[in-house]
1. Residue by residue through segment 548-578, note down the ones that are part of a loop (DSSP other than H, G, I, E, B), within 13 Å of the ligand (Cβ to nearest atom) and farther than 17 Å from Gly472 by Cβ.
2. Mind counting the residues in segment 589-604 that are open to solvent by 40 Å² or more (accessible area, probe 1.4 Å) and under 16 Å from Asp643 (Cα atoms)?
3. Is there a residue in segment 210-218 that is over 28 Å from Leu21 (Cβ atoms) and among the basic types (Lys, Arg)?
4. With the condition being within 22 Å of Ser35 (Cβ to Cβ) and open to solvent by less than 30 Å² (accessible area, probe 1.4 Å), I'd like the strands (runs of 3 or more DSSP E) fully within segment 188-300 carrying at least 1 qualifying residues.
5. Wholly within segment 583-669, which helices (runs of 4 or more DSSP H) include no fewer than the required count, namely at least 3 residues that are at pLDDT 90 or above and within 16 Å of the ligand (Cβ to nearest atom)?
6. Which ones in segment 524-583 are open to solvent by 20 Å² or more (accessible area, probe 1.4 Å), among the polar types (S, T, N, Q) and over 25 Å from Asp617 (Cβ atoms)?
7. If we keep just the residues of segment 309-334 that are over 21 Å from the mean Cα position of the chain (by Cα) and crowded, with 24+ Cβ neighbours inside 10 Å, which is modelled with the lowest pLDDT?
8. Scanning segment 508-521 for residues that are hydrophobic (A, V, I, L, M, F, W, C) and closer than 14 Å to Leu556 by Cα, which turns out surrounded by the most Cβ atoms within 10 Å (Cβ to Cβ)?
Amino acid sequence: MFSTEFLDLPPLAGAHGTVALPGSKSISNRVLLLSALSQGATTVHDLLDSDDTRVMLAALRQLGCGVQQEGSTVVIDGLGDRPPTAAAVKLFMGNAGTAMRPLTAALAVLGGNYELSGVPRMHERPIGDLVDALRQLGCHIDYLGQDGYPPLHIGQPILRLDQPIPVRGDVSSQFLTALLMALPLVATRDIVIDVVGELISKPYIEITLNLLARFGIAVQREGWARFTIPKGSRYQSPGSIHVEADASSASYFIALGAIATGASEKNSIKVMGVGADSIQGDIRFVEAARQMGAQVTSGPNWLEISRGSWPLKAIDLDCNHIPDAAMTLAVMALYADATTTLRNIASWRVKETDRIAAMACELRKLGATVEEGADFIRVTPPATNADWRPASIHTYDDHRVAMCFSLAAFNPASQPVRILDPKCVAKTFPDYFEALFSVTQAVSDAIPVICIDGPTASGKGTLAAQIAQALGYHLLDSGALYRVTALAALRAGLALEAPCEPAIAELARQLPVRFVGDQILLGGEDVSHAIRSEEGGMNASKVSALPAVRTALVALQHSFCQLPGLVADGRDMGTVIFPVAPLKVFLTASAQHRAERRHKQLISKGISTTIDILRADLEARDARDSSRVVAPLKPAQDALLLDNSDLSIEKSVDMVLNWWQDKQPFKHA
Ligand code: DC
């Protein structure tokens with residue numbers, strides 16, 4: 001997951017490959033609650049691991065359910081007839097609507113002493129219609145803040161189930177879902193729910209009904225206006241249940257297949273985990289995408305998408321049946337041949353954020369013309385390539401805003417796109433960007449590389465690692481490659497001298513080296529410590545003076561240049577390996593300063609030495625690295641010099657990050 005402040009997407013061109021999607025949020029949290037309300041154990045497979053499901057699991061544990069988790073499989077030992085714990089319980093619901101609403105209803109009919117609260121945004125999301133419905137049937141619920149909004153206190157109900165229970169259906173379908181899941185707990189007689197107003201988001205009610213049936217509850221319905229839970233209904237665990245992949249998450253990859261041109265002739269995206277027969281309403285996004293030009297084929301558990309019409313065809317569509325996935329259509333509209341109108345989306349205004357306002361604001365930043373109304377959005381793409389803007393996309397703590405705007409990186413003007421707070425995707429798809437990068441290719445040479453070169457002990461390694469972390473970029477420690485090569489050569493009995501050059505180069509070309517977290521593995525063995533010694537550095541310096549060895553390591557170093565970007569640390573990153581890198585830093589510090597720092601480091605490791613010896617060593621290594629025939633240590637012509645003799649590491653990091661920001665087009669966006 002990217003937990004950086006922002007994530008810069010370089011301009012993207014092609015896409016090809018297969019993605020496995022995480023489980024559906026809506027199905028995951030419904031299944032967890034239904035399992036908790038059933039008697040006995042339910043094994044839930046392919047559960048989504050996200051903020052919302054974590055909130056639900058934590059709440060269920062607090063309520064006394066058994067929860068055993070192993071990867072994406074969770075065994076829930078249901079409460080059945082056991083009442084939830086009698087003590088006062090405070091449940092924190094974060095921003096998880098799919099936990100807040102149904103838990104409120106279930107706990108209100110079961111009764112107890114509960115407090116349910118969330119993040120500030122949760123306290124702005126209306127729940128009054130659900131509370132009204134629950135109060136009508138005798139539940140005891142108090143508002144702890146503003147009337148109509150969480151936080152709530154729930155007490156003991158005195159249930160009256162003889163009258164039909166009215167619930168509004170035109171604000172959020174989650175209210176009806178919440179009642180449908182709570183009332184089977186008390187079905188001592190037929191319980192009737194009447195929907196007041198036109199029911200929105202019907203597909204989510206279909207998911208609820210479908211899952212209720214899997215747990216033994218056969219709800220009867222008359223159209224979408226009246227639902228009856230038959231007398232004697234009782235939750236029964238299905239024993240085990242699989243969670244479908246999230247159809248709304250699929251929308252980004254369906255759009256990707258429709259937008260991206262492939263590097264190869266056969267350009268397609270295959271999505272695993274959800275197919276055309278999905279029980280999720282958002283699967284109908286496929287129809288909308290087809291209307292815009294996507295070519296989609298599907299099987300029971302997969303979809304395959306490729307580009308059809310191009311530019312995409314503008315549409316005018318009632319999106320009430322696909323409220324979440326329709327946000328993706330709003331971004332696809334950027335690539336359409338005319339104005340696209342998405343209608344009947346009033347529910348967008350009460351989601352994680354006011355999504356109509358959010359989408360309008362961010363689409364405009366990219367250069368689109370956008371009109372918004374109470375329940376529609378109308379998007380006209382930028383008129384020409386020159387009208388596209390490099391935009392810094394605000395994401396409003398809304399996973400879907402972050403995910404759908406990543407598709408703007410395919411803009412024909414090859415502008416990068418900055419996604420602020422990328423970690424908000426954790427709500428439903430923690431590894432969204434990793435999945436995106438695994439199937440996309442950047443416009444050629446567009447993957448940014450920051451080179452940090454400089455002499456030994458100048459602090460390059462620390463600086464490079466921190467820059468990479470701040471930007472979410474990959475890291476290449478090229479010195480480690482020379483160190484590992486030297487180690488492998490010595491183990492093979494080779495002298496680190498010219499006569500052995502061809503043999504060492506051959507070793508280097510096939511070096512079985514892998515970087516896993518902080519570890520450096522040589523053929524599976526962790527050699528991180530072995531190569532970090534002073535001697536290891538000197539040996540690396542020796543093999544690095546052999547031209548054939550340097551050549552042998554070029555391809556391996558280039559292979560580190562992957563989306564979304566790279567920070568490369570070494571001696572010749574800017575001069576030889578990545579000569580067109582947009583930022584090259586040459587880091588120096590006086591030999592005295594470097595020797596003092598190294599001395600401190602070694603002393604702290606319990607290695608005794610003197611500053612003078614270290615200084616002499618450093619100078620010898622500098623002399624060798626700078627005087628060798630190939631790729632001698634020197635700043636690239638366009639490198640920015642940074643003497644950090646008197647700078648703290650934080651200051652140096654700030655300095656380089658500022659240089660990097662200055663090179664980005666976003667500051668004016
Ligand atoms: O950065 P370091 O101390 O791990 O590097 C060890 C040696 O490897 C260094 O003395 C010179 C050599 N080296 C190189 O020649 N080119 C690089 N890009 C990185 C390191």
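The values are calculated or read from the model by the stated rules, or taken from the named source; none is laboratory data. A quick note: this is a predicted structure, and the numbers were derived from the prediction, not measured. With ideal geometry, Cβ positions are generated from the backbone for all residues, glycine too; neighbour counts draw on all protein chains shown. The area values use the complete protein model at the heavy-atom level, side chains included, leaving out ligands, DNA and RNA. Shrake-Rupley method; radii C 1.70, N 1.55, O 1.52, S 1.80 Å.
1. Applying the first criterion (part of a loop (DSSP other than H, G, I, E, B)) to segment 548-578 yields 553, 559-565, 571-572, 578.
Filter once more, so that each one left must be within 13 Å of the ligand (Cβ to nearest atom): 553, 560, 571-572, 578.
Listed by number, the residues that qualify are Leu553, Arg571, Asp572, Phe578.
2. The number of residues fulfilling the criteria is 5.
3. There is no residue in segment 210-218 that is over 28 Å from Leu21 (Cβ atoms) and among the basic types (Lys, Arg).
4. 191-196, 226-229, 240-242
5. Numbers: elements: 591-604, 611-627, 649-663.
Per the criteria, 591-604, 611-627.
6. Thr551, Ser559, Gln562, listed by residue number.
7. At the first step, the residues of segment 309-334 found to be over 21 Å from the mean Cα position of the chain (by Cα) are 309-322, 333-334.
Checking the rest, the ones that are also crowded, with 24+ Cβ neighbours inside 10 Å come to 312, 319, 322, 333-334.
Working: Leu312: 97, Cys319: 96, Ile322: 92, Ala333: 98, Leu334: 98.
Filtering first and then ranking leaves Ile322.
8. First, the residues of segment 508-521 that are hydrophobic (A, V, I, L, M, F, W, C): 508, 511, 513, 515-516, 520-521.
Narrowing the set further to residues that are closer than 14 Å to Leu556 by Cα leaves 508, 511, 513, 515.
Values: Ala508: 26, Leu511: 16, Val513: 18, Phe515: 16.
Here the residue is Ala508.
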